[in-house]
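Taking it in order: structure first as structure tokens, then the write-up.
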Amino acid sequence: MKTRQRTSTATITRRDVVIGSAGLAFLGTVAIHAAGNPTKSGGDSINQYHGDHSMNKVSTKDGVDIFYKDWGSGQPVVFSHGWPLSSDDWDPQMMFFLNNGFRVIAHDRRGHGRSTQTPTGHDMDHYADDLAVLTEHLNLKNAVHVGHSTGGGEVVHYLARHGESRAAKAVLISAVPPIMIKTPANPGGLPKEVFDGFQAQVANNRAQFYRDVPAGPFYGFNRPGAKVSEGIIQNWWRQGMMGGAKAHYDGIVAFSQTDFTPDLKKVSVPTLVMHGDDDQIVPYADSGPLSAKLLKNGILKTYKGFPHGMLTTQADTINADILAFIKS
């Protein structure tokens, strides 16, 4: 009996030591983490430090938190993503320009990605104003603004609405301007029924819709002989499902019915218009060439056979051409 008691006591003591040591290690880790992550009054994380792993966010006047990434130093290149994605869609560009000595910034549009899923403000005026809040918050100067699809409309509207004092150049990739929907002034546009169908699918089964779009026309994976990437399809789906259905539903009206013609005429910074002639989302003939003509300093670059999502599937070509434009 005595022997068993001594063994039991010894075992308990060793276990207590292990548990105690683990607890001290955990508390030490918490203390180090707290010391390295100071908070504002009210408990919000301070996120303006470069290299911090906290969520970088800036608040708009109507109380929406806009998530953003801000990496590196040098001339800033600011990326505005397409519908219904997030700043993650710019990964190939962010890494490329970061490694080429630029400061790279990308944000999640309101209602998209990690930004607030607000039910209001899903229009181009708010999109442009949110971008202005971000550029002012980061005090960006001599910035190059790059926009894809809906993001191209956001860039154009931002420059026209808030001026070009902080901007050096702009790049529009597969962008929605001048206007997508068919009107008497834009007979080559798409019928409103097309976009009504988009809204119905977002409202009723966007999970399936967000699978079908990247698996088909977005990247041209529905073309004969296309090299289909399951990872790209799933990443598109992931980004779309991170955002809010209300933001995406309203955003369809914003990107399809906004007439950017007056904005394009106001933009004076050198602007590169990049568009694939096999774009099945924003048809080439009614977009890229028309935008380039309306811009004061527009340069059109047409890519034979490239799809709407060419910034991903043909990233090497797109990145090299943007870099050459910035340096020109």
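Charged side chains reduced to their Cβ positions (Lys and Arg at +1, Asp and Glu at -1) give segment 193-244 a dipole of some 220 debye around its Cα centre. A simple charge model with +1 on the Cβ of Lys and Arg, -1 on the Cβ of Asp and Glu and nothing else charged puts the dipole of segment 57-327 at about 440 debye relative to its Cα centre.
Peptides 111-121, 150-160: what's the order by average Cβ count within 10 Å, highest mean first? Mind dumping the intermediate values first?
Values: 111-121: 20.3, 150-160: 28.3.
The peptides rank, most packed first, as 150-160, 111-121.
Quick note on segment 237-328: its Rg to Rh ratio, both from C-alpha atoms and Rh being the Kirkwood radius, is 1.00. Cα-based values for segment 57-327, radius of gyration first and Dmax second, are 16.9, 49 Å.
Where does the charge balance sit around VAL269 when Lys and Arg score +1, Asp and Glu -1, over other residues with C-beta under 12 Å from its C-beta? Write out the running numbers ahead of the final one.
Working: positive: ARG166, LYS169, LYS266, LYS296; negative: GLU164.
So the environment of VAL269 carries a net charge of +3.
Between rounded, prolate and oblate, where does segment 46-148 land on the alpha carbon gyration tensor, with a ≥ b ≥ c its root eigenvalues, rounded for a/c under 1.5, else prolate if a/b exceeds b/c? Don't jump to the answer; show the numbers that get you there.
On the way: a/c = 1.63, a/b = 1.45, b/c = 1.13.
Prolate is the answer for segment 46-148, as a/c is 1.5 or above and a/b outweighs b/c.
Calculate one ³J(HN,Hα) per residue across segment 231-237 by plugging θ = phi - 60° into the Karplus curve 6.51 cos²θ - 1.76 cosθ + 1.60, and present them in order as whole Hz with x for glycine and proline. Coupling constants for segment 231-237: x, 5, 4, 5, 5, 4, 4 Hz. Distant-in-sequence amide contacts of ALA167, defined by a placed amide H-H separation under 5 Å and a gap of 5 or more residues or a different chain, comprise ASN142, ALA143. A protection proxy built from the mean count of other Cβ atoms within 10 Å ranks the segments 247-257, 276-286, most packed first, as 247-257, 276-286.
Around the amide H of GLY276, modelled in the peptide plane, lie the amide H atoms of SER174, TYR303, all under 5 Å away and 5 or more residues distant in sequence or on another chain.
As a proxy for reagent exposure, ranking LYS169, LYS192 by other Cβ atoms within 10 Å from fewest up yields LYS192, LYS169. Starting from the amide H of VAL146, placed 1.01 Å from N in the peptide plane, find each other amide H under 5 Å away whose residue is 5 or more places distant or on another chain. Amide H to amide H, under 5 Å and 5 or more residues apart or across chains, VAL146 pairs with VAL78, PHE79, SER80, VAL171. Each peptide in 307-313, 99-105, 223-229, 66-72 receives the mean, over its residues, of other Cβ atoms within 10 Å, and ordering these scores from highest gives 307-313, 66-72, 99-105, 223-229.
Grouping the Cα pair distances of segment 275-328 into 10 Å bins from zero gives a pair-distance distribution of 24, 51, 25, 0 percent in increasing distance order.
Read-outs: derived from the displayed coordinates by stated rules, not from any lab. These numbers come from a predicted model, not from an experiment. Every residue, glycine as well, gets a Cβ built from its backbone with ideal geometry; the counts of neighbours run over all protein chains shown.
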